[in-house]
Amino acid sequence: MYFIFTKKIWLKKNFDYLKNKKIIIRNKLSIKEIYRLKPKFLFFIHWSKYIPPKIFKNFLCIQFHTSDLPFGRGGSPVQNLILMGKKKTKITAFKVESEVDSGPYCMKRKINLNGNAENIFRNIEKISINMINSMVNMSSIKFKKQRGKITYFKRRRKNESEFNKNKKKLNSLIKINDFIRALDAEGYPKANLTFKNYKILLSNSKIYKNKLIGKFEIEKKK
């Protein structure tokens with residue numbers, strides 16, 4: 001038996017890739033339930049919540065992070081990578097330890113950063129589940145120490161989605177498009193402009209014939 005913890009299921013059919021059906025999927029972590037059921041593995045996808053030592057010191061906890069660790073430890077890796085102009089990265093599966101994203105890794109898989117954030121999150125979910133499917137069928141999981149230069153990302157704040165906060169950096173159509181698509185996912189604060197008492201939300205962007213086209217919504221500021 002094993003657990004998968006995910007704050008959101010982006011595409012339900014992604015979970016059809018799991019051949020081993022002895023799974024429990026949760027969006028909240030219950031210490032009592034974990035100790036009662038004593039799972040072999042605990043997997044964390046799209047997970048940014050605190051994992052207490054009482055869990056990761058007594059159970060094998062494997063988390064998935066969308067960067068080639070140790071590069072890009074920390075929050076909002078997809079958004080940060082896109083805004084850096086990166087076109088591809090890796091998903092790293094690593095053992096949870098006390099320091100954020102620092103544990104030894106057992107598997108890495110390539111992923112491209114094309115399309116909007118929601119499509120990327122769905123693809124991350126699909127690849128992560130395929131990785132889980134491989135791991136639960138292994139006789140043993142081998143971990144390797146992270147090697148290379150350690151760099152950190154800062155978790156993005158809601159007000160960083162405002163164009164006015166980023167106008168010096170948004171000096172080309174490519175950079176504007178990257179800014180919009182990096183924030184274009186359900187539950188995330190979309191790229192936005194303000195005009196008098198209104199907020200303009202931007203999404204579904206793409207560059208077509210030297211123009212940036214997409215969708216906008218206008219709402220009254222609260």
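The values are calculated or read from the model by the stated rules, or taken from the named source; none is laboratory data. Because the structure is a prediction, the values reported are computed rather than measured. Using ideal geometry, Cβ is built from the backbone for each residue, glycine included, and neighbour counts are taken over all protein chains shown. Areas reflect the complete protein model, heavy atoms only, side chains present, ligands, DNA and RNA absent. Shrake-Rupley method; radii C 1.70, N 1.55, O 1.52, S 1.80 Å.
Output yes when any residue across segment 94-104 is closer than 23 Å to Lys144 by Cα and in contact with a His (Cβ under 8 Å, 6 or more places away or on another chain), and no when none is.
yes
One line per residue, one yes/no per condition, for (1) in a loop (DSSP other than H, G, I, E, B); (2) open to solvent by 30 Å² or more (accessible area, probe 1.4 Å):
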{"residue": "Ala93", "(1), (2)": "no, no"}
{"residue": "Arg109", "(1), (2)": "no, yes"}
{"residue": "Gly115", "(1), (2)": "yes, yes"}
{"residue": "Asn119", "(1), (2)": "no, yes"}
{"residue": "Asn123", "(1), (2)": "no, yes"}
{"residue": "Ser140", "(1), (2)": "yes, yes"}
{"residue": "Arg156", "(1), (2)": "yes, yes"}
{"residue": "Arg181", "(1), (2)": "no, no"}
{"residue": "Asp184", "(1), (2)": "yes, no"}
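Assess whether Ile174 counts as being open to solvent by 70 Å² or more (accessible area, probe 1.4 Å), β-branched (Val, Ile, Thr) and assigned to a strand (DSSP E or B).
No; evaluated as a whole, the condition is false for this residue.
So how many residues does segment 95-107 have that are open to solvent by less than 30 Å² (accessible area, probe 1.4 Å) and among the β-branched types (Val, Ile, Thr)?
1
Which condition breaks for Ser140 when tested against (1) among the small types (Gly, Ala, Ser); (2) within 22 Å of Trp10 (Cα to Cα); (3) free of Cβ contacts under 8 Å to residues at least 24 places away in the same chain?
With (1) among the small types (Gly, Ala, Ser); (2) within 22 Å of Trp10 (Cα to Cα); (3) free of Cβ contacts under 8 Å to residues at least 24 places away in the same chain applied to Ser140, the lone miss is (2).
What number of residues within segment 57-91 are open to solvent by 20 Å² or more (accessible area, probe 1.4 Å), under 30 Å from Lys206 (Cβ atoms) and assigned to a loop (DSSP other than H, G, I, E, B)?
Matching residues across segment 57-91 total 6.
Could you tell me whether any residue of segment 156-173 is within 21 Å of Pro70 (Cα to Cα) and touching a strand residue (DSSP E or B) at 6+ places or on another chain (Cβ under 9 Å)?
no
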